[in-house]
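Right, one structure below, let's go through it.
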Amino acid sequence: MSETNPPLDLASLKRSHTPKAVAERLSQQPPQSYLRDLVYGAIDGLVTTFAVVAGAIGAELSSRLIIIFGLANLIADGFSMAVSNYLGTKVEADRLDRIREIENHHIEFIPEGEAEEIREIYRQKGFEGELLEQVVQVIIADRTLWIDTMLREEWGLSIEPTNPWKAAGATFMSFIVVGLIPVLPFMVFDAEGDARNVIIAGGCVLTALAFFIVGVLKSRQVGYPWWRSGVQVLAMGGGAAMLAYLVGVLLRPLGG
């Protein structure tokens, strides 16, 4: 059995592929998924915040300073990532609108040339003769279908853009919620000496577990085996924290 593919329920699969079920499913607008924004926001929140905490621990800063630096990074970097995601997603949506206008303009003034593009697109898909002409005529009879086909086939675009506000909100929320984990033990427990070491160890274990869980969730996005994705994210976060810790140790004399 494949590690990446769950066992198939053939009876359920057949029920979902009857002509009626297929028609109903494809007639509905596909739901937007923000899993990517949630997962990558969580990964970045964990990595950057844990790195800040690890660097502060390496520099032997107080728990109060760890909280201050950790929360400051959490808010500032989370906001920055959300804004970047918003702007990037907005650019994609604006580009889709612009290209839609371009194609509409081309169809308005050079319909024969645009129809020939449709013909060539489907000729390359293996259609020919009378069937090819029937396909072309069906598409160019509907202006919206014509433009959507050009967007998909000529430009390689998705005609259902992601909502920039929702994408940014998902990124910011996951960044803050998951990124808070490395700082949380220092906010809940106030201790120094040996007790502080216990808090640090507990925080590292908790953060490592969070890395692994986020990696497992990431496997749903990229299709990797869950355990491999979990280990990859854990190794990435641990490596970043180790580097930050070493920098903190090297800069410890600067702290007086």
* Candidates GLY238, GLY248 - the one that is open to solvent by 30 Å² or more (accessible area, probe 1.4 Å) and assigned to a helix (DSSP H, G or I) -> GLY238
* To do: Specify which of the listed residues (ASP148, ASP190) is assigned to a loop (DSSP other than H, G, I, E, B) and charged (D, E, K, R).
  => ASP190
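Could you tell me whether GLY202 is small (Gly, Ala, Ser), at negative phi and either in a loop (DSSP other than H, G, I, E, B) or touching a Ser or Thr at 6+ places or on another chain (Cβ under 8 Å) (or both)?
No; evaluated as a whole, the condition is false for this residue.
Looking for something in contact (Cβ under 8 Å) with a residue 60 or more places away in the chain and either farther than 26 Å from PHE211 by Cβ or part of a helix (DSSP H, G or I) (or both) - is there at least one such residue anywhere in the stretch 14-27?
The initial filter retains those residues of the stretch 14-27 that are in contact (Cβ under 8 Å) with a residue 60 or more places away in the chain, namely none.
No - not one qualifying residue is present in the stretch 14-27.
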* To do: Report, ordered by the first and then the second residue, all pairs with beta carbons closer than 7 Å, sequence separation of six or more or different chains, a first member in the stretch 169-184 that is among the small types (Gly, Ala, Ser), and a second member that is modelled with pLDDT under 95 and not in a helix (DSSP H, G or I).
  => ALA170/TYR34
* To do: Report whether or not GLU160 is modelled with pLDDT under 90, open to solvent by 30 Å² or more (accessible area, probe 1.4 Å) and either touching a Leu at 6+ places or on another chain (Cβ under 8 Å) or of a type outside the set (A, V, I, L, M) (or both).
  => yes
* Asked: What tally of residues in the stretch 108-127 results from selecting those that are of a type in the set (Lys, Arg) and open to solvent by 50 Å² or more (accessible area, probe 1.4 Å)?
  -> 2
* Would you point out the residue of the stretch 39-81, among those that are in contact (Cβ under 8 Å) with a residue 60 or more places away in the chain, part of a helix (DSSP H, G or I) and open to solvent by 60 Å² or more (accessible area, probe 1.4 Å), that is farthest from ILE181 (Cα to Cα)? => PHE79
* Out of ALA93, ALA59, ALA115, report the one residue that is more than 30 Å from LEU206 (Cβ to Cβ), more than 32 Å from the chain's Cα centre (by Cα) and not charged (D, E, K, R). => ALA115
* TRP155 vs. criteria open to solvent by 40 Å² or more (accessible area, probe 1.4 Å), among the aromatic types (Phe, Trp, Tyr), touching a residue at least 24 places away in the same chain (Cβ under 8 Å) and assigned to a helix (DSSP H, G or I) -> no
* Asked: Can LEU209 be described as modelled with pLDDT under 85, within 22 Å of VAL39 (Cβ to Cβ), of a type in the set (A, V, I, L, M) and assigned to a helix (DSSP H, G or I)?
  -> no
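The values are calculated or read from the model by the stated rules, or taken from the named source; none is laboratory data. All figures in this text were calculated on a predicted structure; none of them were measured in a lab. Because the Cβ atoms are built from the backbone with ideal geometry, glycine has one as well, and the counts that use them run over all protein chains shown. Note: areas computed on protein heavy atoms with side chains; ligands, DNA, RNA excluded. Shrake-Rupley method; radii C 1.70, N 1.55, O 1.52, S 1.80 Å.
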